[in-house]
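One structure is given here, and the rest of the page talks about it.
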Amino acid sequence: MFKNEKGFTLIEMMIVLLVISVLLFITIPNVTNQSNSISSKGCEAFVHMVEGQIEAYKMDGNALPVTTATLVEEGYLNEEYKACPDGSAITIDGNGKVSAN
C-alpha cells in the first residue's frame, strides 16, 4: 500500500534543526559584538568628517566655529549631523578640536 514513498523522517528533521540551532548560537554573539564595533568606528569617522568641515570653514571664513550649530547655519553640516550615529554629542573646543561625548 505505501510503496516508494520518499520523504524525511522525524529524526532527520530534528538533526537538521539541531545543526541550524548550533550555527545560530555561534553566529549571533559575533554579530552583536561587531555592531558595537561598527558604532564606535562610525563615531570616529564622523568626528574626522566634522574636523574636515571645520578646516573648510576656516579656509572660507578665517575663523573657528564655536559650535556645530554654527556649521549647520553656514551650510557646512546638515541638521541631522549634529551628533554621532550612536547618539554621542559632538563638541568643538576653542582650537577647533572635535570630540564625541
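Just a few scattered comments:
- Among the criteria (1) at pLDDT 85 or above; (2) surrounded by fewer than 15 Cβ atoms within 10 Å (Cβ to Cβ), the one Ile54 does not fulfil is (2).
- When restricted to residues that are of a type outside the set (A, V, I, L, M), surrounded by fewer than 12 Cβ atoms within 10 Å (Cβ to Cβ) and modelled with pLDDT under 85, the stretch 13-43 contains 10.
- Here Asn30 fits the description: out of contact with any helix residue (DSSP H, G or I) (no Cβ under 9 Å at 6 or more places or on another chain) and assigned to a helix (DSSP H, G or I).
- Long-range neighbours under 6 Å by Cβ, at least six apart or interchain, first residue surrounded by 12 or more Cβ atoms within 10 Å (Cβ to Cβ) and at pLDDT 75 or above within the stretch 64-88, second assigned to a helix (DSSP H, G or I) and aromatic (Phe, Trp, Tyr): Tyr76/Tyr57; Cys84/Phe46
- Residue tally, condition outside any helix (DSSP H, G or I) and either of a type in the set (A, V, I, L, M, F, W, C) or over 26 Å from the mean Cα position of the chain (by Cα) (or both), over the stretch 46-74: 6
- Selection from the stretch 46-100 of residues that are farther than 23 Å from Ser35 by Cβ and among the acidic types (Asp, Glu): Glu51, Glu55, Asp60, Glu73, Glu74, Glu79, Asp93
- All positions within the stretch 89-99 that are within 18 Å of Ala45 (Cα to Cα) and at pLDDT below 80: Gly96
The values are calculated or read from the model by the stated rules, or taken from the named source; none is laboratory data. Predicted, not measured: the structure shown is a model, and the values here were computed from it. Cβ coordinates were reconstructed from backbone atoms using ideal geometry, including for glycine residues, and neighbour counts include every protein chain displayed.
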